[in-house]
1. Restricting to region 39-66, name every residue that is more than 20 Å from N93 (Cβ to Cβ) and among the aliphatic types (A, V, I, L, M).
2. Considering only region 95-110, how many residues are touching a residue at least 12 places away in the same chain (Cβ under 8 Å), open to solvent by 20 Å² or more (accessible area, probe 1.4 Å) and assigned to a helix (DSSP H, G or I)?
3. Under 8 Å by Cβ, and 6 or more places apart or on different chains, what pairs join a residue from region 128-157 that is without any contact (Cβ under 8 Å) to a residue 12 or more places away in the chain with one that is in a helix (DSSP H, G or I)?
4. Which residue pairs have Cβ atoms closer than 6 Å, lie 6 or more positions apart in sequence or on different chains, and pair a first residue in region 31-52 that is of a type in the set (A, V, I, L, M) with a second residue that is in a loop (DSSP other than H, G, I, E, B) and at pLDDT 80 or above?
5. Output the residues belonging to region 120-137 that are open to solvent by less than 10 Å² (accessible area, probe 1.4 Å), in contact with a helix residue (DSSP H, G or I) (Cβ under 9 Å, 6 or more places away or on another chain) and part of a helix (DSSP H, G or I).
6. Going by the structure shown, is Q90 of a type outside the set (F, W, Y), open to solvent by 50 Å² or more (accessible area, probe 1.4 Å) and assigned to a helix (DSSP H, G or I)?
7. Determine whether K145 is at pLDDT 90 or above and among the basic types (K, R).
8. Quickly run through region 45-87 and pick out the residues that are assigned to a loop (DSSP other than H, G, I, E, B), open to solvent by 10 Å² or more (accessible area, probe 1.4 Å) and either out of contact with any helix residue (DSSP H, G or I) (no Cβ under 8 Å at 6 or more places or on another chain) or among the polar types (S, T, N, Q) (or both).
Amino acid sequence: LSWDLMVGNLHLSDGSKLLRSWAGATGEWWSSTESELWMGTTIAVYFATLDLDPTKFLVDIALHRGQHALVEHVCKDQNFPDNYCHSLTQNLNNTRALIDYSWHPPIQQPWEVHLLPLVLPLITLRFIPTCSPLLLQELAEVARKYDCHITSHISESIDKVEFSQHVD
């Protein structure tokens with residue numbers, strides 16, 4: 001885990017097998033939201049995982065705790081190990097599913113329907129070179145259609161900067 005307490009960001013390594021399991025997601029995300037609230041963070045950005053179900057569970061936890069959150073579903077379809085990439089279609093389907101889940105959660109929300117939702121979905125490009133041009137274009141269309149924010153990680157390290165310079 002890495003923390004940026006100034007803006008309330010919690011980054012949960014999407015490569016971790018722990019967070020790809022229900023037990024791992026439950027423990028980490030429950031304690032993470034508790035820590036954020038205890039420290040006075042009123043709105044948090046949660047960088048979740050490539051897998052849809054644990055990401056939806058993070059939405060549930062934030063709703064249950066009453067925390068304003070932007071929950072990121074991670075998308076990538078290239079330049080990453082095959083066992084941790086999804087196809088273009090699966091990335092788009094999972095992104096739309098998370099948006100729908102966030103807008104229509106199964107948990108009863110304690111506010112009027114016409115007010116801003118407590119939890120908002122974020123479309124996340126894991127690291128731009130890990131997304132094909134077609135995936136980038138399609139995610140932009142999804143963001144426009146559903147009025148969602150897009151976020152990405154850019155130039156996180158010298159290695160990633162160098163890698164970016166050599167990718168078509």
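1. Result: M39, I43, A44, V45, I61, A62, L63.
2. Total meeting the criteria: 4.
3. Matching pairs, first to second residue: L136/I128; S155/V161; S155/S164.
4. Matching pairs, first to second residue: L37/Q67.
5. L135
6. Numbers: of a type outside the set (F, W, Y): yes; open to solvent by 50 Å² or more (accessible area, probe 1.4 Å): yes; assigned to a helix (DSSP H, G or I): yes.
Yes: the conditions hold for Q90.
7. Numbers: at pLDDT 90 or above: yes; among the basic types (K, R): yes.
So K145 fits the description; yes.
8. Initially, region 45-87 is screened for residues assigned to a loop (DSSP other than H, G, I, E, B), giving 48-51, 66-67, 76-81, 85-87.
Still in the list and also open to solvent by 10 Å² or more (accessible area, probe 1.4 Å): 51, 66, 77-81, 85-87.
Within region 45-87, G66, Q78, N79, P81, S87 meet the criteria.
The values are calculated or read from the model by the stated rules, or taken from the named source; none is laboratory data. Keep in mind that this is a model prediction, so the values were computed, not measured. Cβ sites come from the backbone with ideal geometry, for glycine too, and all protein chains shown count toward neighbours. Please note that ligands, DNA and RNA were not included when accessible areas were found on the heavy atoms of the full protein model with its side chains. Shrake-Rupley method; radii C 1.70, N 1.55, O 1.52, S 1.80 Å.
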